[in-house]
Amino acid sequence: MMIITSTLELELACAELTKSNFVTVDTEFLRDVTFWPQLCLIQIATPKMGIIIDPLDSEINLSAFFNLMLNPSIVKVFHAARQDIEIIFHMSRQIPTPIFDTQVAAMVCGFRESISYDTLVRKLLGQQIDKSSRFTNWHQRPLSSKQLDYALADVTYLCEIYTILKAELEQTKRSEWLKEEMSILENPQTYNLPPEEIWKRIKNRLKKPQELAVLKYITTWREHEARSQNVPRNRIIKDETLIEIAQQQPRTSKDIEKLRSIHGSWKHSDQSKKIIEAVNTALALPINEMPQPSYKTPYSEESTAATELLKVLLKLTCEKNKVAPKLIANGNDLEKIATEGDKANVIALSGWRREIFGEKALKMISGHLALGFLNNRIEEIKI
C-alpha cells in the first residue's frame with residue numbers, strides 16, 4: 001500500500017496510473033459539521049497498484065489527481081458515485097469523465113436496487129469485507145493500518161467487479177443503457193442546484209401561493225447563509241421552522257417572538273431581521289409571480305386499476321429483462337402514464353426504458369395489451 005503525502009509522490013503515482021485504461025476511485029469524507037464535505041482520503045486502484053492519497057497533508061497539491069479524473073482515455077470507476085463526484089466537482093469545478101458507476105451497472109444487470117458495495121463483493125467475488133472500521137473518523141491522524149486497509153479495499157475489489165459488470169453489459173448489449181445513466185452523473189447541474197430551487201425539496205403541505213412564496217424566499221436565504229458560512233442547513237434554521245415561518249408569515253420582531261420553534265436570543269438576532277426582510281419581500285410579490293400550489297388530480301377508479309396493472313407489467317418486464325424496477329419507473333411515473341398516456345413526462349417513456357417497458361405500458365392502457373394467467377404464470381397477451 002502506498003500512502004501519498006506530497007505533490008511529487010502524487011505526480012509520480014498518477015503517471016503510473018495513467019498506464020491503465022481504467023482506475024477505481026473512492027473517497028472518505030465528513031460533513032457532519034460543514035455544508036461542503038470535508039475530503040479526508042482518496043483511494044485509487046488499478047489491477048496492478050493501489051494508492052491512498054492524504055488530502056489533509058499541507059505538502060500536497062491535488063492537481064495531478066484532478067487531471068487524472070479528466071483524462072478522457074481512462075474510465076473512472078466508482079460505486080454509488082454521486083457523493084464522490086460532488087466532492088471532486090466542489091473542489092475542482094470539473095466533473096470526472098468518463099464514469100462507470102458499479103451500483104447503477106449492477107441494477108442494469110438485474111441486481112436489486114441500490115445494492116451495497118460489500119453485498120456486490122460477496123455476490124460477485126465470494127469475498128467478505130471486514131466492516132469493523134466503517135465508522136472511522138477519517139479526519140483523525142494517524143490512521144491505523146487496519147483503517148487504511150479497509151479504505152483501500154473499497155477500490156481494490158472494485159477492479160474485478162468493474163471487469164465482470166462491463167463484460168455482462170457488453171454481452172447483453174446494454175452498455176448504451178448505462179451510458180444514458182452516466183450522462184446524468186456527468187452533468188454539472190446534478191451537483192449545482194440553484195439556491196432558489198432548494199425549497200422544492202422540503203416536504204410540506206402548504207397550499208397558498210403566499211405561503212409557498214415565503215418558503216421559497218427564506219429557504220433561499222438559508223441556502224446562501226449555509227454555503228457562505230460552510231455549516232449544515234439545519235444549523236442556520238431547521239426545515240420545520242421554515243414551514244412554521246411560511247405559515248405564520250412574521251413581518252415584525254414581535255411576530256418572530258410568537259413562533260414556537262424559535263427560542264431565546266435568536267429572536268432578536270440579525271438572522272431574525274433577515275427572515276423578516278425575506279418574508280416582506282416574498283409577500284410584496286404580485287400573486288401571479290408567486291409559486292402556485294400543485295393540486296394532485298384525484299385518480300379515477302379506472303386509472304387506479306390501470307396503475308395496478310402497470311405495476312404488474314413493470315415487475316414482469318423487469319424479471320424478463322433482469323433489470324431493477326427502480327431504474328425504469330416508480331409509482332408516480334406509473335400513475336402519470338395511466339392518466340396522461342404518451343404525454344406523461346416520465347423517464348419510462350424515453351430511451352431504452354421506452355423500448356423495453358414504455359411502449360408496452362402505452363399499449364396496455366390503450367387496450368392493445370393484456371395480462372393473463374397461463375401455465376401457472378402471468379403472461380402478456382396481445383389484443
If I histogram all Cα-Cα distances within region 195-289 using bins 10 Å wide from 0, what percent of pairs lands in each bin? 17, 55, 27, 2
With a 10 Å cut-off between alpha carbons and a GNM built on the chain, which of LYS203, LYS179, LYS19 moves the most? LYS203
Rounded to the nearest 20 debye, dipole of region 72-164 from Cβ charges on Lys, Arg, Asp, Glu: 120
Looking at the chain, send over the antiparallel percent of its DSSP beta bridges, to the nearest 5. 65
Tabulate in residue order the Karplus-calculated ³J(HN,Hα) for region 251-260, using 6.51 cos²θ - 1.76 cosθ + 1.60 with θ = phi - 60°, rounded to whole Hz; enter x for Gly and Pro. 10, 9, 5, 5, 5, 4, 4, 7, 6, 6
Taking just the C-alpha trace of the chain, give me its Rg and Dmax in Å. 25.2, 73
What does the extension gain come out to for ASP239 and ASP149, with contour length at 0.36 nm per residue minus their alpha carbon separation? 28.5 nm
Could you grab the relative contact order for region 149-258? Cα pairs under 8 Å, six or more apart, rounded to a whole percent. 20
Which of these, SER366, SER294, SER175, has the largest mean-square fluctuation under a Gaussian network model of the chain (Cα springs below 10 Å)? SER294
If amide H atoms are built 1.01 Å from N in the plane of the peptide, which residues on other chains or at least 5 residues away come under 5 Å of the amide H of GLY110? ALA324
Cut-off 10 angstrom, C-alpha nodes, Gaussian network model of the chain. Which of PHE100, PHE373, PHE111 fluctuates the most? PHE373
What is the distance in Å between the Cα centres of region 135-150 and region 4-60? 14
Under the rule of at least 5 residues apart or a separate chain, name every residue whose amide H is placed under 5 Å from the amide H of LEU371. ILE381
Would you mind pulling out the separation of the Cα centroids of region 328-375 and region 70-103, in Å? 32
For the chain, the helices passing both cut-offs (Cα extent along own axis of 18 Å or more, Kyte-Doolittle mean at least -1.0, full DSSP H runs) are 145-171, 209-229, 270-283, 301-321
Where does region 2-191 land on the Kirkwood hydrodynamic radius, alpha-carbon pairs, in angstrom? 16.9
Work out, step by step, the length gained on full extension between GLN83 and ASN21: first 0.36 nm times the residue separation, then minus their alpha carbon distance; give nm to one decimal. 20.0 nm
With unit charges on the beta carbon (Lys/Arg positive, Asp/Glu negative), name the residue among PRO195, ASN234, SER269 whose Cα is farthest towards the positive pole of the charge dipole of region 195-289. ASN234
Over the chain, what is the relative contact order in whole percent, taking alpha-carbon pairs under 8 Å and six or more residues apart? 14
LEU30 label point, 7 Å along Cα→Cβ, cut-off 19 Å on backbone N: hits in region 134-168? 134-152
Quote the charge dipole size of the chain about the Cα centre in Debye, to the nearest 20; the model charges only the Cβ of Lys and Arg (+1) and of Asp and Glu (-1). 1020
Over region 148-241, what number does the Rg to Rh ratio reach, with both radii from the alpha-carbon atoms and Rh per Kirkwood? 1.20
How high is the relative contact order of region 2-191, given as a whole-number percent (alpha carbon pairs under 8 Å, six or more residues apart)? 24
Could you tell me the ratio Rg/Rh of region 32-120? Both radii from Cα atoms, Rh via Kirkwood. 0.98
Need the list of aspartates and glutamates near LYS166 for cross-linking: C-alpha distance under 16 angstrom, and skip anything on the same chain fewer than eight residues off. ASP101, GLU176, GLU180, GLU181
At R0 = 45 Å, FRET efficiency that the Cβ-Cβ distance of LYS48 and GLU289 yields, to 0.05: 0.15
Just name one of PHE29, PHE89, ASN288: the one whose Cα is farthest towards the positive end of the charge dipole of the chain (beta-carbon charges, Lys/Arg +1, Asp/Glu -1). ASN288
So which aspartates and glutamates can LYS131 reach, going by Cα to Cα under 18 Å and dropping same-chain residues fewer than 8 places off? ASP26, GLU28, ASP118, ASP149, ASP154
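Quick note: the coordinates plus some simple rules give every number you see, no bench work behind them. Note that the structure is predicted; figures quoted are calculated from it, not measured. Cβ sites come from the backbone with ideal geometry, for glycine too, and all protein chains shown count toward neighbours.
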